[in-house]
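Reading through the structure tokens given below for one structure.
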Amino acid sequence: MKLKFLDCFCGLGGVSRGFVAEGFDCTGIEINPEIAHYYPYRVIIADILDLDGRDFRGYDVIWGSPPCRDFSRTTSFGWKYWKDPPNPQRGLRLVKHFLKFVEDAQPRIWIMENVPGLIKYLDIQPRFIGRLSRTMIRAFWGNFPDFLLPICGVKRLKQDVQGPYRKWVRAMIPFPAAHAFAYACKKKLIEEERDEDG
């Protein structure tokens, strides 16, 4: 049986690459069709605010990386380069919808990743905060299993990302970190299936 992985706010698919390497069947959800073009697996082009989690039951793992722009220290220091300043309430709308989406979808494992700046706006605390590379620190919420997180550099995609989306490569979860999550999730899911089979 092939394990199913749903990557919400999938972007270029950094996390999905790690799960594909562990044999998961991956689907992404991305609002921007130009970015979705670079997602290397099956992709649903939609605004997650328009989707009902109950329509996504049957996924073993659901991952969400809601946009961090409204919670990022980098944005708050340099918001003048954006069209408008950070707005945590705007960002929280997506975060809260994702949490409801997961509740309705009922995956066996769920993970939400974001910058540590989100912590002060949520009622739930992250399970883990880790350094993914020299400059990338992320917080993780969910019911994911314990795992070893490698610290790694960010490598460029093999495919050439054009135009304004090139900067998105820097924001991708590095493959070794994505693979560590995928390995731990797969191991837990297989162990649970064995226990259920008795």
Inset, instruction - For Gly28, state whether it is closer than 20 Å to Arg138 by Cα, under 15 Å from the mean Cα position of the chain (by Cα) and either assigned to a helix (DSSP H, G or I) or at pLDDT 95 or above (or both). - result: no
Legend entry - Answer residue from the stretch 57-72, given it is modelled with pLDDT under 95 and touching a Phe, Trp or Tyr at 6+ places or on another chain (Cβ under 6 Å) and is surrounded by the fewest Cβ atoms within 10 Å (Cβ to Cβ) among those: Ser65
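The rows are residues; the columns are (1) under 16 Å from the mean Cα position of the chain (by Cα); (2) of a type outside the set (Phe, Trp, Tyr); (3) modelled with pLDDT under 95.
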site: Asp123; (1), (2), (3): no, yes, yes
site: Leu132; (1), (2), (3): yes, yes, yes
site: Arg138; (1), (2), (3): yes, yes, yes
site: Asn143; (1), (2), (3): yes, yes, no
site: Leu157; (1), (2), (3): no, yes, yes
site: Arg170; (1), (2), (3): yes, yes, yes
site: Glu193; (1), (2), (3): no, yes, yes
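When you look at Gly117, is it more than 25 Å from Asp52 (Cα to Cα), buried (at least 18 other Cβ atoms within 10 Å of the Cβ) and at pLDDT 80 or above, yes or no?
yes
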Inset, instruction - Look through Phe5, Phe19 and report the one residue that is of a type in the set (Phe, Trp, Tyr) and not in a helix (DSSP H, G or I). - result: Phe5
Inset, instruction - For the stretch 31-59, name all the residues that are of a type in the set (A, V, I, L, M, F, W, C), without any contact (Cβ under 8 Å) to a residue 40 or more places away in the chain and assigned to a loop (DSSP other than H, G, I, E, B). - result: Ile31, Ala46
Inset, instruction - Just name the residue that is surrounded by the fewest Cβ atoms within 10 Å (Cβ to Cβ) out of those in the stretch 1-56 that are on the phi > 0 side of the Ramachandran plot and touching a Phe, Trp or Tyr at 6+ places or on another chain (Cβ under 9 Å). - result: Phe9
Inset, instruction - Please list, ordered by first then second residue, the pairs with beta carbon atoms under 7 Å, 6 or more apart or interchain, first in the stretch 94-110 and small (Gly, Ala, Ser), second not in a helix (DSSP H, G or I). - result: Ala105/Arg57; Ala105/Tyr59; Ala105/Ile62
Inset, instruction - Go through the residues of the stretch 78-90 one by one and say whether even a single one is closer than 30 Å to Leu3 by Cα and modelled with pLDDT of 80 or more. - result: no
Inset, instruction - Would you be able to tell me the number of residues in the stretch 23-48 that are in contact with a helix residue (DSSP H, G or I) (Cβ under 8 Å, 6 or more places away or on another chain) and of a type in the set (D, E, K, R)? - result: 2
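The values are calculated or read from the model by the stated rules, or taken from the named source; none is laboratory data. The shown structure was predicted, so the numbers you read here are calculated from the model rather than taken from an experiment. Cβ atoms come from the backbone with ideal geometry, glycine included; neighbour counts cover every protein chain shown.
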